[in-house]
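The values are calculated or read from the model by the stated rules, or taken from the named source; none is laboratory data. Small disclaimer: the values here were computed from a predicted structure and weren't measured. Positions of Cβ are generated from backbone atoms using ideal geometry, with glycine treated the same way; all protein chains shown enter the neighbour counts. Note: accessible area is taken over every heavy atom of the protein model, side chains too, but ligands, DNA and RNA are not part of it. Shrake-Rupley method; radii C 1.70, N 1.55, O 1.52, S 1.80 Å.
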Amino acid sequence: VDNTQNTVISSAQSFANGAFTQANSAYAAVNATNIIANTLTTSTTTANQVVFSYSSTTYRTSKILAQITSGTSYQATEILITHNGTNTYMTQYGDIYTSAAALGTFDSAITGGSLQLLFTPVNAATTVKTSTSLIPV
């Protein structure tokens, strides 16, 4: 009887582990196609430089984690953006920086069917690195 119970338990564990592995594979596949990383390096303080853009007809919502570097000053922030096909709606939160003030400002806009994350740096030489999760329409 003990051997039968062990076999049933082992079979159940194998099934559960297989289902877990399958779920993780599906999750990884979805994330592999819906997470993008990008880097913008500025050389001027020109307003609204494009950090990255994506199809506004394919994706409705994005969550962006941004790291900004200028010299020995650093900033990190999170940004949520959604849109209705014409206008973007954005909130920025969790700002932390090592200098006395933020290293720049973010905005967003839809131009020609693409949603753009825009950045205006305080200093000319600034690097913006982003990791973005996208949710389809």
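Taking the highest mean first, how do the peptides 36-48, 59-71 order by number of other beta carbon atoms within 10 angstrom per residue?
59-71, 36-48
Calculate, for region 55-120, the solvent-accessible area per residue in square angstrom, rolling a 1.4 angstrom probe over the heavy atoms of the protein chains.
Accessible area per residue: 49 Å².
Running Debye on region 33-82 with equal point scatterers at the Cα sites and no solvent, what base-10 log of I(q)/I(0) appears at q = 0.32 Å⁻¹?
With one equal scatterer per Cα and no solvent, log10 I(q)/I(0) is -1.45.
For Ser99, what residues show an amide H to amide H distance below 5 Å, using hydrogens built from the backbone and excluding near sequence neighbours?
Those qualifying (amide H under 5 Å, at least 5 residues apart or on another chain) are Tyr74.
Compare the peptides 119-126, 130-137 by average per-residue count of other Cβ atoms within 10 angstrom and give them in order, highest first.
119-126, 130-137
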